[in-house]
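Engineer: For reference, the structure I am asking about is given below.
The values are calculated or read from the model by the stated rules, or taken from the named source; none is laboratory data. Since we're looking at a predicted model, the values are computed, not measured. Because the Cβ atoms are built from the backbone with ideal geometry, glycine has one as well, and the counts that use them run over all protein chains shown. Just the protein is used for accessible areas: all its heavy atoms, side chains included, with ligands, DNA and RNA removed. Shrake-Rupley method; radii C 1.70, N 1.55, O 1.52, S 1.80 Å.
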Amino acid sequence: MVPSRCLSLAVGLLLVAIPNPAFSDSVFDPVTDSDPDPNDENAPQDGHLHGCMLFLNEDHTPQEPLVGKDFEAFTTSGYKVEDEAGSTAASCTDGRAGGYPCNNIDLMSVMELSELDGETSSNLQMANDIWGWTHSGREFAIVGLKSGTAFVEITDPYNPVLVGKLPARNNAYSSWRDIKTCQDHAYIVTEAKQGMQIFDLKRLLNATPTTTFDADAIYDEFENAHNIFINEETKTAYVVGSNKCGGGLNIIDLTLPLAPSFKKCFADDGYTHDVQCVNYSGPDADYQGKEICIASNEDTVTIIDQSTGTMLSRVGYEDDRYTHQGWLTEDHKFFIFNDELDEYTQGGKTRTHVLDVTELSNPSYLGYYEGRTAAIDHNNYVLNDQVYQANYRAGLNILKIVDPSKMTFKEEAFFDIYPDTDENAFHGAWSNYPYLPSGNIIVSGIEQGLFVLKQTSRPGVPTSSPSPTASPSASPVASTGSPTSSPSTSPTASPVASTGAPTSSPSASPTASPVASTGSPTSSPSASPTASPVASTGAPTSSPSVSPTASPVASTGAPTSLPSAFSSTKSPVASTGAPTSSPSVSPTASPVASTGAPTSLPSAFPSTKSPVASTGSPTSSPSASPSASPVASTGVPSPLPPPCDDNPEGWYDSDGPDYDCEWYDEGSNCANYGDDYARDGTTANVACCACGGGNPEDPEASPSPSKSSVSASPTISQSVAPTASPVKNPSAAPSASPVNNPSAAPTASPVNSLSAAPSASPVNNPSAAPTASPV
């Protein structure tokens, strides 16, 4: 049997530090009271062993939270608990949340180690991995500890409740514990010799707080392991870094949750530190639909076709030190990964590495992005167009994926749980979990405990699971089919201008560019793709009842439902698939073109500025069927644009001199970005577009999807990632420009409607008046 790397290391350290040690495998504690010397020639120095020793050599004394009454008593920052939403909450104001440096992230609560663990000795209080679980709207954090696993209900994120703790089996304490979930069960592995604990998470639903649990089952066909990954779609666990399968992929069937069965090994490339396995839906046609694993194997990224047990490729890279962990973008085109020791051994800033995996048998290492701090990166996950990184002393860093093919990222937010320093050492954030339906993010701090955080710059609804589902790899095709049900009323004559006021007005006008629908999703994906034209989360839950027969007519009615939030950035974002509820707020700037309504819609959208492709198709026909040319509404006209000085000398937007009026003159940049970026109180539409500059009214012009010189397809796709131009409508494809209307999709000229934002000149209507030149 091949021993686990950290276990072997710790045994060696004990032997070096303690002559004739009294040692029991079953109660082994990898973090000893000794102080191992990293320069000891008798201790292992390479790869994982060296990294484990560096971690063991750090002082991991628990830290007090920098919020709450005790912190308030000595801080001079002006922080007061009474001003916050909870007893350990802190809003991020002027770069601080209580005593924590931050940007665009609020602290909702923190539960320190003494609360999580209950151990009396501080050297036994240490957190490691973290994962999440949800059931019937309730949310739970599962926190790995040195002494076991804690379960915390965070349904009320400002008032977390410790439901209970599952102690380590046989008191097998370890600094390394890893947890994943499947079918409402948690599967827990550790570097200590305890096999795999299995716990039925439904027991948490009715448990008394602070319950001490026992495991529901033990899988003991291996002893120790460094990590576990579960593909929930195939109910398959991948245990890695264990004393079985040469430390490679130990593949286990979880069809029977409490009675797992061994399937097979993959050990052709030796020790695997971490792995992600997906039902592949990327551009490589040879492997679509197969279960593909991408393994971080110490000095390479190794790609495996698990269905055949074949190694497709392995790629090294210059200056590799320890290939640690990574995650696919949601279109399965890029693998974003970290090297745990490159910052430590070479200095410099945090490196986020990118591998192009468009061809699985011939991947290409592209290079790396350097971050803001010198911290070591540890675990990162991808959701929509963001990478959520636990970067040890820098805490949680959130990067927007702008253009992975050019290693272009932008830091969207951060929350530093280790304020003392951001240097390259092994303290602070171990991991994070960004997939809770609430959009809250949970982070485990080695010396700090559990943090519940909320990103304020782009609130959104995440996918239900971190396992990506299928997305198309080719250009979508316009459907010639009709809606799924016939119209309930058909127009019999030319429409007449309405004189009535709309029954309800949208609370905000559109902010995004026209949306092109790409077809109907078969189900809501659990983690969506991250390149190519973007998938929107679609349109309202209510489906139209009547389909249009000719040119659209001007409507005075307000839309029945529209998305609840469209925040914008300069790159496109992808949605995660079919939403679950109707939006509450309509868009607030440029009109959104949609020709089909998916069956449900999330309450908040990730931010975008480029066109978004909808994944939904209507479940019934549109509710108003225009049959003639548009008729002007008699509602109150929208306000005129403000006075402007087109192309003033020296103007550029807040992103810098590259984004001046000349840049906005290109394509439809005015339409896409003109209202969202300003400088000195002047937007691009005022400075460059409103008086005739740019091309604000050309919906056919190719937009520049990103300020990072992405000139073709948008960067991120969420649930369906087309590689070319999106289809206009799966159920009633228009023959000209798309209609800006979620409830009526015409086949010819665009509609001037309150329930559908115009595609040319603004509608004269008080309830949906675009604030910039419509697209």
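Engineer: For the stretch 53-95, what are the per-bin percents of Cα-Cα distances with bins 5 Å wide, up to the bin holding the maximum?
Structural biologist: 5, 19, 22, 18, 8, 9, 11, 6, 1
Engineer: Output the peptides 339-348, 385-394, 289-298 sorted from most to least packed, where packing is the average of other Cβ atoms within 10 Å over each peptide's residues.
Structural biologist: Details: 339-348: 19.1, 385-394: 27.2, 289-298: 22.3.
The most tightly packed comes first, giving 385-394, 289-298, 339-348.
Engineer: With the cut-off at 1.5 for a/c, could you classify the stretch 151-221 from its C-alpha gyration tensor as rounded, prolate or oblate? Mind dumping the intermediate values first?
Structural biologist: On the way: a/c = 1.96, a/b = 1.70, b/c = 1.15.
Taking the square roots of the gyration eigenvalues as a ≥ b ≥ c, the stretch 151-221 is prolate.
Engineer: In whole angstrom, how long is each semi-axis of the equivalent ellipsoid of the stretch 67-192, when you take the square root of 5 times every eigenvalue of its Cα gyration tensor and sort them from largest down?
Structural biologist: On the way: eigenvalues 172, 64, 29 Å².
Values for the stretch 67-192, descending: 29, 18, 12 Å.
Engineer: Whole number in Å², please: accessible area per residue of the stretch 134-284, 1.4 Å probe, ligands, DNA and RNA not counted. Each step should come with its number before you reach the end.
Structural biologist: Numbers: 4500 Å² over 151 residues.
Spelled out: the 1.4 Å probe surface of the stretch 134-284, per residue, equals 30 Å².
Engineer: Given the stretch 258-305 reduced to its alpha-carbon atoms as identical point scatterers, what log10 I(q)/I(0) does the Debye formula return at q = 0.29 Å⁻¹?
Structural biologist: -1.07
Engineer: Beyond 21 Å, what share of the Cα-Cα pairs of the stretch 324-453 remains, rounded to the nearest whole percent?
Structural biologist: Values: 2978 of 8385 pairs.
That fraction is 36 percent.
Engineer: For Lys235 and Gln183, compute 0.36 nm times the residue count separating them, minus their Cα-Cα distance, and round to one decimal in nm. Write out the running numbers ahead of the final one.
Structural biologist: Numbers: separation 52, 0.36 × 52 = 18.72 nm, distance 0.82 nm.
Full extension from Lys235 to Gln183 adds 17.9 nm.
Engineer: Go from 0 up to the bin containing the longest alpha carbon distance in the stretch 208-350, width 5 Å each, and give me the % of pairs per bin.
Structural biologist: Using 5 Å bins, I get a P(r) of 2, 9, 18, 20, 18, 13, 9, 6, 3, 1, 0 for the stretch 208-350.
Engineer: What ³J(HN,Hα) values, in whole Hz, does the Karplus curve 6.51 cos²θ - 1.76 cosθ + 1.60 give for the stretch 259-268 when θ = phi - 60°, with x put for Gly and Pro?
Structural biologist: Computed from phi, the couplings for the stretch 259-268 are 9, x, 9, 5, 9, 5, 10, 10, 10, 5 Hz.
Engineer: For the ranges 399-409, 327-337, what's the packing order if you count other beta-carbon atoms within 10 Å of each residue, average per peptide, and put the highest first? Numbers along the way, then the final one.
Structural biologist: Details: 399-409: 21.8, 327-337: 27.4.
Packing proxy ranking, top to bottom: 327-337, 399-409.
Engineer: How large is the convex hull of the Cα atoms of the stretch 324-371 per residue, expressed in Å³ as a whole number? Don't jump to the answer; show the numbers that get you there.
Structural biologist: On the way: hull volume 3.5 nm³, N = 48.
Hull volume normalised by residue count: 74 Å³.
Engineer: I'd like to compare 85-96, 222-233: which one has the highest average count of other Cβ atoms within 10 Å, and what's the full order after that? Before the final figure, lay out the partial values.
Structural biologist: Values: 85-96: 17.9, 222-233: 22.7.
In descending order of packing, they fall as 222-233, 85-96.
Engineer: Taking 30 Å as the cut-off for C-alpha to C-alpha distance, list the pairs among Lys244/Lys410; Lys80/Lys410; Lys333/Lys410; Lys146/Lys454; Lys263/Lys400 that go past it. List each step's numbers first, then the result.
Structural biologist: Values: Lys244/Lys410 41 Å; Lys80/Lys410 32 Å; Lys333/Lys410 19 Å; Lys146/Lys454 27 Å; Lys263/Lys400 38 Å.
Beyond 30 Å: Lys244/Lys410; Lys80/Lys410; Lys263/Lys400.
Engineer: Residue by residue, what Karplus-based ³J(HN,Hα) values in Hz, rounded to whole numbers, does the stretch 344-354 have, using 6.51, -1.76 and 1.60 with θ = phi - 60° and x for Gly and Pro?
Structural biologist: Coupling constants for the stretch 344-354: 5, 8, 10, x, x, 8, 4, 9, 10, 8, 10 Hz.
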